[in-house]
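The structure under discussion appears below in the form of structure tokens.
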Amino acid sequence: MLIFLYCFNGDCRLGKEVITKGDSVILEENVSLEAITDVDLVLFQIKKDAQYTDTGMFSGNKF
């Protein structure tokens, strides 16, 4: 399982690195996460072996 983390606003420490507004990282292992300022983050868990499509999740789908 991969982790995709995006910082919308603020600053945080991820392990020994600092990420700030607009930064994103992909993690393959657990690391500590500490807010330095008020921070808005989004986190996605991603299966490395999951099937995907280049056309997007909803592009052209008919229900």
Test Gln51 against the stated conditions and say whether it is surrounded by fewer than 10 Cβ atoms within 10 Å (Cβ to Cβ), polar (S, T, N, Q) and modelled with pLDDT of 90 or more. no
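Just to be sure I understand, how many residues within region 1-21 are more than 18 Å from Lys47 (Cα to Cα) and touching a strand residue (DSSP E or B) at 6+ places or on another chain (Cβ under 7 Å)? Steps first, please.
At the first step, the residues of region 1-21 found to be more than 18 Å from Lys47 (Cα to Cα) are 7-21.
Adding the requirement that they be touching a strand residue (DSSP E or B) at 6+ places or on another chain (Cβ under 7 Å) leaves 7-14, 18-21.
Here the count works out to 12.
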State the number of residues belonging to region 11-47 that are farther than 23 Å from Met1 by Cβ and modelled with pLDDT under 95. 0
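The values are calculated or read from the model by the stated rules, or taken from the named source; none is laboratory data. Fair warning: this is a prediction, and the values are worked out from it, not measured in the lab. Counting neighbours? That spans all protein chains shown, and the Cβs are built from the backbone with ideal geometry, glycine included.
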